[in-house]
Amino acid sequence: MHDMSAHAVQHHVPPTSFIRKHVFSLDHKVIGKQYYALALVAAICGMALSWFMRIHLAWTNAAIPGLQLLSKNGAPGGVMTPEYYLQLMTMHGTIMVFFVLTTAPFAAFGNFFLPIQVGAEDMPFPHFNMMSFWVTFAGFVVLMASFFTADGPTLGGWTQYAPLNAVGSVGGPGQGTGVVLWMAAIALFCVGQLLGSLNFIPTTLDLRTKGMSLMRLPLSAWAWFITSCMGLTAFAVLMPACILAILDHVAGTSFFVASNLVMNDQLLPHSGGSTLLWQHLFWFFGHPEVYIAIVPGIGIVSHILITNMRKPMLSQRVLIYSMGALAVLSYMVYGHHMFVSGMNPFSSLAFSFPTLVITIPSTIVVLIWTFSLYGSKLRINSASLFALGFISMFVSGGVSGFFLAQPSIDILLHATYFVVGHFHLVMGVAAMFGIFAGTYFWAPKMFGRMMNETLGKIHFWLSFVGAYCIFMPFHYLGMAGNVRRYSAFVDDFLQPLIPVHRFITIAALITGAAQLIFLYNLIHSRFWGKPAPDNPWEATSLEWSTPTPPPFDNFGGKLPVVYHDPYQYGVQSSAGDYVMQASPEQVKTEHEEK
Amino acid sequence: MAKFFAVTIIVIAILSAIPILRHTWVAPEDISKHGHLIDEQMSETMAEAGISFLAAQFVLAFFIWKFSNPRPDAKLKNFPGGAKGLVIAALLVVGIEVMALGIFGVKAWANVYLTPPSADAMPIQVQAGQFAFYFRYPGPDGKFGPIHPELINEGSQNFYGLDPEHDVESRDDIVTAEMAIPVNKEIHLLMHSKDVGHSFFVRELRVQQDFVPGLDVSLHFTATKIGKYEIVCTQLCGLGHYNMKAYLSVLSQQDFDDWLKKEQAMQ
């Protein structure tokens with residue numbers, strides 16, 4: 001830890017031109033906002049695609065007004081073709097997992113708040129940080145460009161299983177150029193996140209201000225740190241895998257295509273590749289990715305709950321260790337995605353037990369959250385409602401993991417809507433609730449304006465009830481054997497399930513519309529909201545010690561000195577029932593960790 | 001608002017549990033010899049997951065109800081026992097619970113995947129391709145003729161790339177678009193894909209297995225109930241994935257022999 005309290009070490013001078021200030025900015029706060037804006041645009045695109053998909057699944061032959069404008073061939077007269085359904089589904093999953101669930105909670109909030117929470121004036125490598133965003137942005141542009149290719153985006157799903165991802169256009173619409181663009185986009189995304197992780201780790205380890213020991217870091221900072229460690233290893237595996245897949249397309253290699261495969265009665269010009277190799281590489285990234293999406297949410301929700309409970313968690317250390325355990329175990333469980341893939345059946349058992357063990361740190365986190373509510377003075381506002389909703393969703397999505405962790409049950413549930421319900425609740429909705437909680441909590445600091453609480457609460461109620469109406473029935477569909485990734489339900493046994501799909505679609509349309517309330521609230525308050533005070537939530541961590549919005553170097557030329565643990569609530573101080581980390585005021589604490 | 005939120009959580013939790021308790025949407029009746037083990041494992045897991053789900057939601061709702069917006073003079077308190085008790089509870093209760101599930105689940109898995117098929121199991125080949133399954137029976141010689149991928153031609157209905165002119169074993173092979181098996185007879189299913197990844201899923205048989213292009217994969221099972229069931233593909237394989245299916249007929253031995261003779265005559 002460096003002693004930088006006496007003087008602020010300027011890595012770069014304040015920009016003067018518009019371009020350097022708002023476009024190619026080196027300031028971590030601007031980069032954080034750029035990531036947030038990217039996630040917002042991506043979320044709007046991803047959600048619109050999910051609406052189209054849901055309408056098609058409920059009323060297969062329905063014409064969706066305007067869809068033909070997106071693709072004349074994919075939706076002639078607005079009626080979606082089977083292949084176009086798969087293409088939109090692939091893009092929905094890709095956009096949401098990579099460009100929303102990873103960018104918003106990790107890259108957006110992490111960029112803006114990690115340096116401030118550790119008491120630094122910026123990240124150590126601002127140029128890398130700027131590149132991180134713009135490379136990620138380029139990835140998004142490349143991905144979206146596939147909509148405008150002759151046969152549209154890839155239809156292979158966000159998992160892009162081999163050899164469908166490598167055989168070329170003979171595999172179907174979008175499997176030529178569409179796949180190459182997908183792989184290039186994700187490789188770029190990986191580069192962006194690697195550059196981001198390379199900044200987050202030294203920011204946490206080396207740029208902490210005086211007095212900021214590791215155990216004095218807020219839980220959100222710990223979550224971003226742990227996530228960046230995962231990002232560094234997970235994205236480093238996916239990126240080369242994407243490059244190998246591109247080589248299979250453009251250089252005649254056969255990394256992922258086996259010998260003697262026949263399509264359209266023609267022997268494919270590939271030999272010696274391994275189909276399962278892709279799955280191993282993808283899921284070695286893919287399972288940590290689940291935690292890359294959710295661990296920042298765990299940290300953000302903990303941070304927000306503590307502020308609104310007016311007392312620290314029962315144990316800060318246990319939460320940190322649990323997040324660490326989730327991160328480590330996430331690399332040992334990835335094979336549970338492959339129980340029936342054809343890999344050695346003994347491997348399935350080997351992957352099953354760590355998957356079951358991961359329930360333990362998850363349970364500990366939930367127990368600590370829930371039982372910390374005991375004896376608190378819980379404040380209800382939009383941020384705390386979404387944080388509490390996060391817990392409910394995390395539990396609901398988590399318990400279905402009990403089933404999918406077991407290879408024998410996976411025989412029945414694999415590739416069904418049960419899986420869709422599970423991951424949407426636990427890494428989709430829960431992570432989104434973490435993003436919403438973070439937005440309502442931190443928007444005043446990021447934008448200098450308060451968001452509208454009434455609209456925030458309406459947004460919460462519609463989202464909370466709506467998300468359950470959408471994703472709980474997915475589990476029932478899966479139990480009845482409803483296979484996922486079908487563009488229409490033609491099998492006899494699926495006919496009785498179509499009314500359930502219609503209910504889900506109606507719920508999805510209403511819940512999706514509710515997100516427009518959030519969008520309006522965010523944009524309206526950004527420009528016309530009530531000006532935010534420096535510390536509207538009476539919180540303790542360093543981001544609330546600095547003016548709103550924070551100055552260019554975060555702390556106005558002098559880095560703060562930290563005197564306290566991050567969450568000193570329930571004390572008698574001159575400020576009220578809390579004492580800020582940077583306040584030298586000595587108070588008697590009733591809730592010091594034993 | 002907090003109390004309303006607490007009630008909402010409880011109502012959602014109860015409503016979520018009702019279809020499970022009423023068995024509104026469940027897997028169809030098991031027709032396999034091994035399936036009851038999977039179903040029992042499923043029931044035990046449902047009980048443990050269901051109790052965990054309801055307990056967690058109820059406690060969360062109760063604490064939100066009880067501790068939100070308290071009187072200004074209310075004192076902060078910590079849960080008796082603190083974090084230590086909770087960690088020990090998680091380690092012991094959840095640890096034992098999930099380990100038990102894992103250990104008992106091994107039996108169900110082992111029955112399908114870790115025990116070899118019996119010597120007299122009936123071999124049947126299944127080939128998956130965009131977007132159809134084709135089945136092959138070895139004929140009276142009990143041997144499958146070799147596959148020549150370069151000869152695969154759907155137009156001439158040589159789905160397996162057989163060369164009966166040169167391969168004696170191929171001459172009596174029977175290739176069908178429908179799968180039929182005798183009831184109570186163990187089947188040794190030999191699976192391969194001709195193009196991309198596919199899967200073989202029969203809900204009633206409690207069987208699901210991916211086809212891996214480039215690898216021969218096998219499964220064994222015994223059907224115990226006569227009937228007609230749907231085989232569907234569960235691995236995304238292209239635009240026709242949703243429509244890739246075949247039928248499985250479980251027949252009496254006599255009906256199966258008759259069916260096979262009929263199919264042989266049609267080759």
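For region A:398-416, how many residues are in a helix (DSSP H, G or I) and touching a residue at least 40 places away in the same chain (Cβ under 8 Å)?
In the first step, residues of region A:398-416 are kept if they are in a helix (DSSP H, G or I); the result is A:398-399, A:401-404, A:407-413.
Then drop every residue that is not touching a residue at least 40 places away in the same chain (Cβ under 8 Å), which leaves A:401-402, A:404, A:407, A:410-413.
Residues that pass the stated criteria total 8.
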Item checked: Out of A:441, A:471, sole residue that is crowded, with 20+ Cβ neighbours inside 10 Å, closer than 23 Å to residue A:399 by Cα and modelled with pLDDT of 95 or more -> A:471
Checklist line | Hey, residue A:322 under 23 Å from the mean Cα position of the chain (by Cα), within 10 Å of chain B (Cβ to nearest Cβ) and farther than 24 Å from residue B:130 by Cβ or not | finding: yes
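Run down A:384, A:396, A:400 and say which single residue is of a type in the set (Ser, Thr, Tyr) and under 20 Å from residue A:327 (Cα atoms). Steps first, please.
Numbers: A:384 fails: under 20 Å from residue A:327 (Cα atoms); A:396 fails: under 20 Å from residue A:327 (Cα atoms).
Unique residue meeting the criteria: A:400.
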Check: Just one of A:88, A:69, A:101, A:114 is more than 22 Å from residue A:550 (Cα to Cα) and in contact with a Phe, Trp or Tyr (Cβ under 7 Å, 6 or more places away or on another chain); which is it?
Finding: A:88
Notebook entry, point to check: When residues of region B:75-88 are filtered for being surrounded by fewer than 16 Cβ atoms within 10 Å (Cβ to Cβ) and either touching a Phe, Trp or Tyr at 6+ places or on another chain (Cβ under 6 Å) or more than 7 Å from every other protein chain (Cβ to nearest Cβ) (or both), how many remain?
Noted result: 6
Check: Which of the residues that make up region A:98-140 are within 19 Å of residue A:188 (Cα to Cα), among the aliphatic types (A, V, I, L, M) and crowded, with 24+ Cβ neighbours inside 10 Å?
Finding: A:100, A:101, A:104, A:107, A:108
Check: Hey, does region A:532-543 have a residue that's more than 9 Å from chain B (Cβ to nearest Cβ), buried (at least 18 other Cβ atoms within 10 Å of the Cβ), aromatic (Phe, Trp, Tyr) and part of a loop (DSSP other than H, G, I, E, B)?
Finding: yes
Note to self: Tally up the residues in region B:12-34 that are loosely packed, with under 13 Cβ neighbours inside 10 Å, more than 9 Å from chain A (Cβ to nearest Cβ) and among the hydrophobic types (A, V, I, L, M, F, W, C), please.
What the structure shows: 2
Checklist line | Verdict on residue A:381 being more than 9 Å from every other protein chain (Cβ to nearest Cβ), polar (S, T, N, Q) and under 24 Å from residue B:215 (Cβ atoms) | finding: no
Next item on the list: Of the numbered conditions (1) surrounded by fewer than 24 Cβ atoms within 10 Å (Cβ to Cβ); (2) out of contact with any strand residue (DSSP E or B) (no Cβ under 8 Å at 6 or more places or on another chain); (3) farther than 24 Å from residue A:504 by Cα, residue A:450 fails exactly one; give the number of that condition.
Entry: (2)
Notebook entry, point to check: Which residue, of A:376, A:341, A:348, is facing chain B (nearest Cβ under 9 Å), at pLDDT below 95, farther than 27 Å from residue B:48 by Cβ and over 20 Å from the mean Cα position of the chain (by Cα)?
Noted result: A:376
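Somewhere in region A:417-439, is a residue under 30 Å from residue A:348 (Cα atoms) and in a loop (DSSP other than H, G, I, E, B)?
Restricting attention to region A:417-439, the residues satisfying the condition of being under 30 Å from residue A:348 (Cα atoms) are A:417-431.
Right, trim to in a loop (DSSP other than H, G, I, E, B) and you get none.
Looking for residues that are under 30 Å from residue A:348 (Cα atoms) and in a loop (DSSP other than H, G, I, E, B), one finds none in region A:417-439, hence no.
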Notebook entry, point to check: Any residue at all in region B:96-116 that is part of a loop (DSSP other than H, G, I, E, B), surrounded by fewer than 22 Cβ atoms within 10 Å (Cβ to Cβ), more than 9 Å from every other protein chain (Cβ to nearest Cβ) and out of contact with any Cys (no Cβ under 7 Å at 6 or more places or on another chain)?
Noted result: yes
Next item on the list: Read through the list (1) at pLDDT below 90; (2) surrounded by fewer than 14 Cβ atoms within 10 Å (Cβ to Cβ); (3) within 7 Å of chain A (Cβ to nearest Cβ), then give the number of the only condition that residue B:72 fails.
Entry: (3)
Notebook entry, point to check: Applying the selection to region A:568-587, what residues are away from chain B (no Cβ under 14 Å) and crowded, with 21+ Cβ neighbours inside 10 Å?
Noted result: A:579, A:580, A:581, A:582
Next item on the list: For region A:46-70, name all the residues that are aromatic (Phe, Trp, Tyr) and not in a loop (DSSP other than H, G, I, E, B).
Entry: A:51, A:52
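Only one of B:76, B:37 is part of a loop (DSSP other than H, G, I, E, B), touching a Ser or Thr at 6+ places or on another chain (Cβ under 8 Å) and of a type in the set (A, V, I, L, M); which? Quick ask: steps written out before the conclusion?
Numbers: B:37 fails: part of a loop (DSSP other than H, G, I, E, B).
Only one candidate passes the filter, namely B:76.
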Checklist line | Residue list for region A:416-432, restricted to those being buried (at least 24 other Cβ atoms within 10 Å of the Cβ), within 14 Å of residue A:481 (Cα to Cα) and not hydroxyl-bearing (Ser, Thr, Tyr) | finding: A:418, A:421
Next item on the list: Note down all Cβ pairs under 7 Å where the first residue falls in region A:549-562 and is within 16 Å of residue A:446 (Cα to Cα), the second is part of a loop (DSSP other than H, G, I, E, B) and among the acidic types (Asp, Glu), and they're at least six residues apart or on different chains.
Entry: A:552/A:27; A:553/A:121; A:554/A:121; A:555/A:121
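Is one or more of the residues making up region B:48-57 more than 7 Å from chain A (Cβ to nearest Cβ) and in contact with a helix residue (DSSP H, G or I) (Cβ under 8 Å, 6 or more places away or on another chain)?
Restricting attention to region B:48-57, the residues satisfying the condition of being more than 7 Å from chain A (Cβ to nearest Cβ) are B:50-51, B:54-55.
Next cut, in contact with a helix residue (DSSP H, G or I) (Cβ under 8 Å, 6 or more places away or on another chain) only: B:50, B:54.
Yes; the residues of region B:48-57 include at least one that is more than 7 Å from chain A (Cβ to nearest Cβ) and in contact with a helix residue (DSSP H, G or I) (Cβ under 8 Å, 6 or more places away or on another chain).
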Notebook entry, point to check: Is there a residue in region A:386-404 that is closer than 21 Å to residue A:565 by Cα and either more than 7 Å from every other protein chain (Cβ to nearest Cβ) or buried (at least 24 other Cβ atoms within 10 Å of the Cβ) (or both)?
Noted result: no
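The values are calculated or read from the model by the stated rules, or taken from the named source; none is laboratory data. Please read these numbers as outputs of a predicted model, since none were measured by experiment. So basically every Cβ, Gly included, is an ideal-geometry build from the backbone, and we count neighbours across all protein chains shown.
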